[in-house]
1. Per residue of segment 143-155, in order, report the coupling 6.51 cos²θ - 1.76 cosθ + 1.60 (Karplus, θ = phi - 60°) as ³J(HN,Hα) in whole Hz, putting x for Gly and Pro.
2. Nearest 20 debye, what's the magnitude of the dipole of segment 200-317 about its Cα centre given +1 on Lys and Arg Cβ and -1 on Asp and Glu Cβ?
3. Just going by the charge dipole of the chain, with Lys and Arg at +1 and Asp and Glu at -1 on Cβ, which of 284, 178, 35 is farthest out on the positive end?
4. Which Rg and Dmax, in Å, describe the Cα atoms of segment 6-191?
5. From the cross-link list 91/171; 43/75; 43/332; 30/170; 75/170; 104/149, which pairs have alpha carbons spaced over 31 Å apart?
6. Out of 46, 105, 263, whose Cα points farthest toward the positive end of the dipole of the chain (charges: +1 Lys, Arg; -1 Asp, Glu; placed on Cβ)?
7. So what are the radius of gyration and Dmax for the Cα set of segment 200-317, in Å?
8. Taking only the alpha carbons of the chain, what extent do you get along each of the three principal axes, in Å, biggest first?
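Quick note: the coordinates plus some simple rules give every number you see, no bench work behind them. Just so we're clear, the structure is a prediction, and the values are computed from it rather than from any experiment. Every residue, glycine as well, gets a Cβ built from its backbone with ideal geometry; the counts of neighbours run over all protein chains shown.
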Amino acid sequence: MLPFDEDVTAQAAARIAMQDALEQDLDAQKVADHILSLDPDGKRFGAVLRDTIDQLLNGEVTGRYAWHQLFKTEKTHAGTLVEINLQREFKFADGGDVGSADDKHPMDYRILGIDVDCKFSQSFGGWMIPPEAMGYLCLLVWADDSKSKWSAGVFRVRKEYLNSGSNRDKKLTLKAEHREDAVHWIWRDAELPENVLLHLPEATRTAILSEKSGQKRVIELFRRVQNRRIGRGTVRTAAQQLDYMARLREGEGRARTVLRQEGIVIAGPYTKHRDIARQVGAVVPQRGEFVSFRVAEAMPHHGDRPRVELEGREWVLADTSDPVVTAPRLPKVVGEEEA
């Protein structure tokens, strides 16, 4: 019989005890299940995080596209904005005050009658937890634009899971060894809608942003970045204009009109446009997104390539061997937000 390693055995026993405690925390499970019921695929939550990061970058005014371009005070403000924007999206009630009479801490939300504090960090594990939250629930949120990933989970604040606070306000952090097993993860490493400008090759990004006018930058964006979801925040940063969506519409010198002459169409987040993208085999835009792709008139040599009928002719997704032809207009959007 092999001898037991006492340290390993003790660690295993501790993990089992922690898992039992996690499963028995009915309030934490109720909150996690409720949030998941409001957003089964996490799309709403991810969109809030995308919009909040874009709000901080404020690309329309600043031209910024990366987290490292933010000022320190703006990064500090990120947690507050995430908290506010999640409350607006999910209509969480305000939380109550906890702590002593002399040192009260207002909790952010009340979910199913349970007080919950919201903590955001761009660095996984960097959540700063106030000592007044000891024993209460925290909604831990992480998003990393460079990785296009985010996570959210419910954590019961317990002393044994925490590093002691060494900062001025004695805020606590979750120990690295407990970041997985002490948290009810609702979503873990979910896909964050992409910050396209951040992830482009430097030469491509420079070619787009070096154009002198907002209209030309938007045209260059959709010319160079095809068959890839482009969010409103990216369009806003490229245009750097209040009426940035006007840069996309049909009209002399505007993106859809100019790029159609090059065989490129721009599908928006509308039912008809999504159906066209899906039928032709292109990437399908989601809420607040646009996708450009080049098309060619269907010919016998295209075989069984997916196709769609527009303006009385059939079209396929073009490849490099297909000649450039003027693309058809996409159907006008009626009853949905127009772009």
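1. Calculated HN-Hα couplings, in order: 8, 10, 5, 5, 9, 6, 10, 8, 9, 8, x, 9, 10 Hz.
2. 420
3. The residue sitting farthest along the positive end of the dipole is 284.
4. 16.9, 60
5. 104/149
6. Going by the charge dipole, the pick is 263.
7. Both quantities, over Cα of segment 200-317: 14.5, 46 Å.
8. Principal extents (Cα only, largest first): 71, 55, 39 Å.
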